[in-house]
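Below you'll find the structure, written out as structure tokens, and then a few comments.
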Amino acid sequence: MRCRCLPVLCVLCVLCALAVPAVAGLPAPVRVMVEDAASPWSDSHGVGLANDLVRAAFKAAGAPAVLVVVPYARCKALVVGGAEASCLSMSAAPELQGTVRFADQPLFSVTAHFYALKPASSAAPAAPLRSLDDLRTGMRVGIVNGYEYPADVLALAARGVVLESARSEVINLRKLGAGRIDLAVVMTDPLRSMALVERQAAVDNIAHAFVGPTMESFIGFSTSNPDGERQRLLFNAGFKTIGENGQRSLIESRWKKRCATFCPE
């Protein structure tokens with residue numbers, strides 16, 4: 001008996017054959033390392049403004065992004081060593097030259113703010129700290145392990161100031177409150193404000209001392225990983241698209257509204 005299903009099967013085979021080139025022509029998915037302790041840019045759950053911007057940019061370029069959450073020091077080391085193609089969020093630093101290439105545009109800009117202990121009411125008033133020039137030899141300043149900082153902050157080490165690393169800025173503020181360090185550096189922008197970080201730390205015996213330099217934060221791409229340059233070009237194209245079609249502004253506005261009251265660490 002002749003099978004009447006054969007013509008239908010032939011049509012399906014032709015349709016499948018036509019569909020394969022289109023699927024094959026799409027960019028391959030990208031794998032991006034993201035920091036785990038920088039809410040609201042990127043948190044331990046893979047949630048954050050920077051993460052949303054990166055997902056949207058790659059999606060606009062036709063390449064779905066898989067975000068892998070890791071501590072920043074590991075994120076940076078994997079990209080510098082070429083084991084992974086990309087990491088966010090990164091900033092310019094001497095040790096990255098030749099090993100990491102940034103996107104054309106930053107994800108955001110951050111400003112360094114320095115915190116100190118509030119003076120005890122019974123203690124003799126100490127000399128106020130108004131700028132980096134007031135820091136003295138032997139003072140301990142809390143920074144985050146693996147973070148890049150403005151050159152003026154890193155130069156403190158040459159003056160005998162001890163730059164002491166911890167896993168996050170919130171931890172550093174708590175160390176400051178416990179008297180284990182003399183100052184803590186917190187990198188903020190209009191979204192991740194000083195007030196937000198203070199609420200996250202929940203320490204009441206510290207106070208803002210002075211404002212330091214500003215720097216830009218990017219998604220960085222490995223120059224030695226085979227997929228680094230492909231990802232960079234895809235991201236640049238997609239980020240330009242979401243900037244022009246308004247999606248970037250919508251994402252940023254949504255996060256500003258979300259963090260107007262409180263963003264968890």
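Assorted remarks:
- Applying a threshold of 7 Å to beta carbon distances and a minimum spacing of six or more residues, or different chains, the list of pairs starting in segment 62-77 at a residue that is modelled with pLDDT of 95 or more and ending at one that is of a type in the set (A, V, I, L, M, F, W, C) and open to solvent by 40 Å² or more (accessible area, probe 1.4 Å) reads G62/L26; A63/A28.
- Meets criteria (modelled with pLDDT of 90 or more and open to solvent by 70 Å² or more (accessible area, probe 1.4 Å)) for A184: no
- Selection count where residues are surrounded by 13 or more Cβ atoms within 10 Å (Cβ to Cβ) and either among the aliphatic types (A, V, I, L, M) or without any contact (Cβ under 8 Å) to a residue 12 or more places away in the chain (or both), scope segment 88-121: 13
- Unmet criterion (only one of (1) in a strand (DSSP E or B); (2) under 15 Å from the mean Cα position of the chain (by Cα); (3) surrounded by 15 or more Cβ atoms within 10 Å (Cβ to Cβ)) for G142: (2)
- Residue pairs whose Cβ atoms lie under 7 Å apart, separated by 6 or more positions or on different chains, with the first residue in segment 149-169 and in contact (Cβ under 8 Å) with a residue 24 or more places away in the chain and the second among the charged types (D, E, K, R) and not in a helix (DSSP H, G or I), are V162/R140; E164/R140.
- Checking Q200, Q247, Q231 one by one, the residue that is at pLDDT below 95, polar (S, T, N, Q) and crowded, with 17+ Cβ neighbours inside 10 Å is Q200 and no other.
- Checking each residue in segment 203-213 for being charged (D, E, K, R) and open to solvent by less than 30 Å² (accessible area, probe 1.4 Å) picks out no residue at all.
- Candidates S168, S122 - the one that is at pLDDT below 95, of a type outside the set (A, V, I, L, M) and over 30 Å from K257 (Cα atoms): S122
- Here R136 meets the list (1) touching a Cys at 6+ places or on another chain (Cβ under 9 Å); (2) surrounded by fewer than 17 Cβ atoms within 10 Å (Cβ to Cβ) almost entirely, failing just condition (1).
The values are calculated or read from the model by the stated rules, or taken from the named source; none is laboratory data. Keep in mind it's a predicted model, so treat the numbers as computed, not measured. Heads up, the Cβs are rebuilt from the backbone with ideal geometry, glycines too, and the neighbour counts pull from every protein chain shown. Just so you know, the surface numbers come from the protein's heavy atoms only, side chains and all, with ligands and any DNA or RNA stripped out. Shrake-Rupley method; radii C 1.70, N 1.55, O 1.52, S 1.80 Å.
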